[in-house]
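*Asks:* Following this message is one structure expressed as structure tokens.
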Amino acid sequence: MMPIPDGYTSSAALISYLRRVYPDFKINYRLHEGKQHGVILSEIPDSATLVIIPDAGSSQYEEHAHLSKKGVDVIILDHHPVDEESQHAIVVNNQLSPDYTSKAITGVGIVYKFLEALDNELGVNYAKDYLDLVAIGNIADSAYMGDLEARFYALNGLKGIKNKFIKSMFKKHEFSTKGDKTLTSTSFYINPSINAIIRVGKQEEKDQLFRALMGIEEEVYYKRKDTFVPLEEDTARIAGNVKSRQDKLRDKGVVAIKERIEEKGLLKNKVLIVNVTDLLDKNLGGLVANQLVKLYKRPVLLIRKDEEKPVFTGSARGYEKGHIKDLKQFLRDSGYFNFVEGHPNAFGYSIDADKLVAMNDYINEQLKGVENEDVHEVDFIITDKTSKPDQLIAEIHEHRHLWGGGVDAPLLAFKLKFDKDDIQILGKVNKTTLKFKYKNIEFIMYKQTEDMFNKVFGKDGEYAIEIVGKCNVNEWNGYITPQVMMEDFEVVSVGEKELVF
């Protein structure tokens, strides 16, 4: 299976269903220890007569032929793009058929279609019981939720969660999600913890996660409390611990890479390309790249030297607020890469070592004169002349279940005037939360500093500020406050009596 949530949920749904309808089947499965994916021939028992590969395997033509020659049937349940269909396997892949319109559903969605077909063949109605796994996997793999089929599976899966582990995960994050089971809350709070176990968890933690996803009924020993607890509750606890462990490793990696960036003077390049071979665990590449993109406001390629061949591979992340809207296609068009595969702004790649310098020069030339600055495409512009902006914010927030998976929440631009007394930096210990107050609307921005606040808002008077952000509503002790979670702001002028934007 693929070592990602989509791979785990694909396999969990498939195995759970097969055990349910064929309780006498002997089913062997393998959790990869690293970032391998697809079938590994050496791990298949000699007694096997059927191999099913979920969320991977479409292009493993040699492996298919080898298994077929041994008399082993092969079924592929996959969604990854592939040039041609295998001649030695049954391939179920939505990317191959010109007649199947939904190209957005991911591996677990293909497994679900397979289970629906089995339902029809066997005269049962079990497939729908695994829609919660379908939702988790599709959301985790960034399925485009503008696709109606992918959206239907995700929303209905979240509406009727049956898996006890997924229920435990939402319960654990109930304060943060405010009880909402939406595309966004799943993306921000549930899937990152599941993904953390898969990326950096110990093998026994991965195995426990998979058993929980399969809905295994058992109790496990919790050493700290010297008692046995349900598998799903203990796994949710472990997921939180591993996520904290991963975050510490990620932050440590960011610090080390920042030092290398400064030491090598890499910020002179339009795309930040950093050799992390000796600095970073390969399972953390994408997470660290995401942090660097936010920090430096430009695309990032973290490169790693292959141990056997003169090539570099790694993780790339685009900066969607910048000039390049599709980094994957931009790099493909350069002609320097062996492959560039994944999402438009989150993908893996391979490039020959002797092409690296020329590729960097090409990028710098292509982007010559392009500044690394944010470009926000907004849906609404609010000024002090806009009627009832608080009602607009509340109405947009009411539709929060719609946003996610490429169907973005509306982005609003505000051009407003604030008194100095309505601008604050807050925090119980360290002051890191910036807040503006306009009438009954709060504008919030986290991870700020008191030094920044004193520098930017050190003068008395009236501030004209342009703000870009998304809508929220805070409910506390019966009070409802419209909020804007700020993504960016700029002070246009200070202290003038007539402020003109």
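The values are calculated or read from the model by the stated rules, or taken from the named source; none is laboratory data. These figures come from a predicted structure and were not determined experimentally. When we count neighbours, we look across all protein chains shown, and the Cβ atoms used for this are built from the backbone with ideal geometry, even at glycine. Keep in mind that these areas ignore ligands, DNA and RNA; they rest on the heavy atoms of the full protein, side chains included. Shrake-Rupley method; radii C 1.70, N 1.55, O 1.52, S 1.80 Å.
*Asks:* So, in the stretch 345-389, how many residues would count as being of a type in the set (Val, Ile, Thr), open to solvent by less than 70 Å² (accessible area, probe 1.4 Å) and at pLDDT 90 or above?
*Replies:* Taking the stretch 345-389 and keeping what is of a type in the set (Val, Ile, Thr), we get 351, 357, 363, 370, 375, 378, 381-383, 386.
Now restrict to residues that are open to solvent by less than 70 Å² (accessible area, probe 1.4 Å): 351, 363, 370, 378, 382-383, 386.
With at pLDDT 90 or above added as a condition, the list becomes 351, 363, 378, 382-383, 386.
Number of matching residues: 6.
*Asks:* For the structure I just gave you, tell me whether Asp55 is under 25 Å from Ala212 (Cα atoms), in contact with a Leu (Cβ under 9 Å, 6 or more places away or on another chain) and open to solvent by less than 20 Å² (accessible area, probe 1.4 Å).
*Replies:* Values: under 25 Å from Ala212 (Cα atoms): yes; in contact with a Leu (Cβ under 9 Å, 6 or more places away or on another chain): yes; open to solvent by less than 20 Å² (accessible area, probe 1.4 Å): yes.
Answer is yes for this residue.
*Asks:* Here is a follow-up. Have a look at Leu287, Leu279 and point out the one that is outside any loop (DSSP other than H, G, I, E, B) and open to solvent by less than 80 Å² (accessible area, probe 1.4 Å).
*Replies:* Details: Leu279 fails: outside any loop (DSSP other than H, G, I, E, B).
Exactly one residue qualifies, and that residue is Leu287.
*Asks:* Among the residues of the stretch 360-401, how many are part of a helix (DSSP H, G or I), in contact with a Phe, Trp or Tyr (Cβ under 9 Å, 6 or more places away or on another chain) and under 18 Å from His323 (Cα atoms)?
*Replies:* Residues flagged as part of a helix (DSSP H, G or I), in contact with a Phe, Trp or Tyr (Cβ under 9 Å, 6 or more places away or on another chain) and under 18 Å from His323 (Cα atoms) within the stretch 360-401 amount to 3.
*Asks:* So which of Asn163, Asn156 is in contact (Cβ under 8 Å) with a residue 24 or more places away in the chain, crowded, with 20+ Cβ neighbours inside 10 Å and polar (S, T, N, Q)?
*Replies:* Numbers: Asn156 fails: crowded, with 20+ Cβ neighbours inside 10 Å.
Asn163 is the lone residue from the list that is in contact (Cβ under 8 Å) with a residue 24 or more places away in the chain, crowded, with 20+ Cβ neighbours inside 10 Å and polar (S, T, N, Q).
*Asks:* Give just the number: which of (1) surrounded by 13 or more Cβ atoms within 10 Å (Cβ to Cβ); (2) in a helix (DSSP H, G or I); (3) more than 22 Å from the chain's Cα centre (by Cα) does Lys252 not satisfy?
*Replies:* With respect to (1) surrounded by 13 or more Cβ atoms within 10 Å (Cβ to Cβ); (2) in a helix (DSSP H, G or I); (3) more than 22 Å from the chain's Cα centre (by Cα), Lys252 is out only on (3).
*Asks:* Need at least 1 residues that are β-branched (Val, Ile, Thr) per element, so show me which helices (runs of 4 or more DSSP H) inside the stretch 135-199 make the cut, counting only ones lying wholly within it.
*Replies:* Here the list reads 164-172, 174-177.
*Asks:* So, Gln95, is that one free of Cβ contacts under 8 Å to residues at least 60 places away in the same chain, over 22 Å from Val200 (Cα atoms), open to solvent by 90 Å² or more (accessible area, probe 1.4 Å) and not in a helix (DSSP H, G or I) or not?
*Replies:* Values: free of Cβ contacts under 8 Å to residues at least 60 places away in the same chain: yes; over 22 Å from Val200 (Cα atoms): yes; open to solvent by 90 Å² or more (accessible area, probe 1.4 Å): no; not in a helix (DSSP H, G or I): yes.
The answer is no for Gln95.
*Asks:* If you check Gly322 against the conditions, is it among the small types (Gly, Ala, Ser), in contact (Cβ under 8 Å) with a residue 12 or more places away in the chain and in a loop (DSSP other than H, G, I, E, B)? First the steps, then the outcome.
*Replies:* Details: among the small types (Gly, Ala, Ser): yes; in contact (Cβ under 8 Å) with a residue 12 or more places away in the chain: yes; in a loop (DSSP other than H, G, I, E, B): yes.
It is true that Gly322 is among the small types (Gly, Ala, Ser), in contact (Cβ under 8 Å) with a residue 12 or more places away in the chain and in a loop (DSSP other than H, G, I, E, B).
*Asks:* Now for a different question. Which of (1) open to solvent by 20 Å² or more (accessible area, probe 1.4 Å); (2) over 20 Å from Gly342 (Cα atoms); (3) outside any strand (DSSP E or B) is the odd one out, the single condition Glu85 does not satisfy?
*Replies:* (2)
*Asks:* Could you give me the residue pairs with C-beta distances under 8 Å whose first residue belongs to the stretch 271-294 and is farther than 15 Å from Gln246 by Cα, whose second residue is among the aromatic types (Phe, Trp, Tyr) wherever it lies, and which are 6+ apart or on separate chains?
*Replies:* Leu272/Tyr296; Asn275/Phe312; Val293/Tyr319
*Asks:* How many of the residues making up the stretch 390-432 are of a type in the set (Val, Ile, Thr) and open to solvent by 30 Å² or more (accessible area, probe 1.4 Å)? Can you show your working first?
*Replies:* At the first step, the residues of the stretch 390-432 found to be of a type in the set (Val, Ile, Thr) are 393, 396, 407, 423, 425, 429, 432.
Next cut, open to solvent by 30 Å² or more (accessible area, probe 1.4 Å) only: 407, 429, 432.
Residues that pass the stated criteria total 3.
*Asks:* Determine the pairs where a residue that is in contact (Cβ under 8 Å) with a residue 24 or more places away in the chain, located within the stretch 405-427, has a partner that is small (Gly, Ala, Ser) and assigned to a strand (DSSP E or B) with Cβ atoms under 6 Å apart, the partner being 6 or more residues away or on another chain.
*Replies:* Matching pairs, first to second residue: Lys417/Ala464.
*Asks:* Determine the pairs where a residue that is polar (S, T, N, Q), located within the stretch 102-122, has a partner that is open to solvent by 20 Å² or more (accessible area, probe 1.4 Å) with Cβ atoms under 7 Å apart, the partner being 6 or more residues away or on another chain.
*Replies:* Filtered contacts from the stretch 102-122: Ser102/Asp147; Ser102/Glu149; Thr106/His79; Thr106/Asp141.
*Asks:* Collect the residues in the stretch 473-491 that are modelled with pLDDT under 95 and either part of a loop (DSSP other than H, G, I, E, B) or in contact with a Lys or Arg (Cβ under 8 Å, 6 or more places away or on another chain) (or both), keeping them in residue-number order.
*Replies:* Scanning the stretch 473-491 gives Glu475, Asn477, Gly478, Glu487.
*Asks:* Here is a follow-up. Among Glu259, Glu263, Glu232, which is the only one that is part of a helix (DSSP H, G or I), in contact with a Phe, Trp or Tyr (Cβ under 8 Å, 6 or more places away or on another chain) and charged (D, E, K, R)?
*Replies:* Values: Glu259 fails: in contact with a Phe, Trp or Tyr (Cβ under 8 Å, 6 or more places away or on another chain); Glu263 fails: in contact with a Phe, Trp or Tyr (Cβ under 8 Å, 6 or more places away or on another chain).
The match here is Glu232.
*Asks:* Follow-up question, since we're still on this one. Would you call Gly71 outside any helix (DSSP H, G or I) and farther than 21 Å from Asp6 by Cβ?
*Replies:* Values: outside any helix (DSSP H, G or I): yes; farther than 21 Å from Asp6 by Cβ: yes.
It is true that Gly71 is outside any helix (DSSP H, G or I) and farther than 21 Å from Asp6 by Cβ.
*Asks:* Quick one: is Phe339 under 30 Å from Gln329 (Cβ atoms), free of Cβ contacts under 8 Å to residues at least 40 places away in the same chain, under 29 Å from the mean Cα position of the chain (by Cα) and surrounded by fewer than 15 Cβ atoms within 10 Å (Cβ to Cβ)?
*Replies:* Values: under 30 Å from Gln329 (Cβ atoms): yes; free of Cβ contacts under 8 Å to residues at least 40 places away in the same chain: yes; under 29 Å from the mean Cα position of the chain (by Cα): yes; surrounded by fewer than 15 Cβ atoms within 10 Å (Cβ to Cβ): yes.
Here the answer is yes, as Phe339 does meet what is asked.
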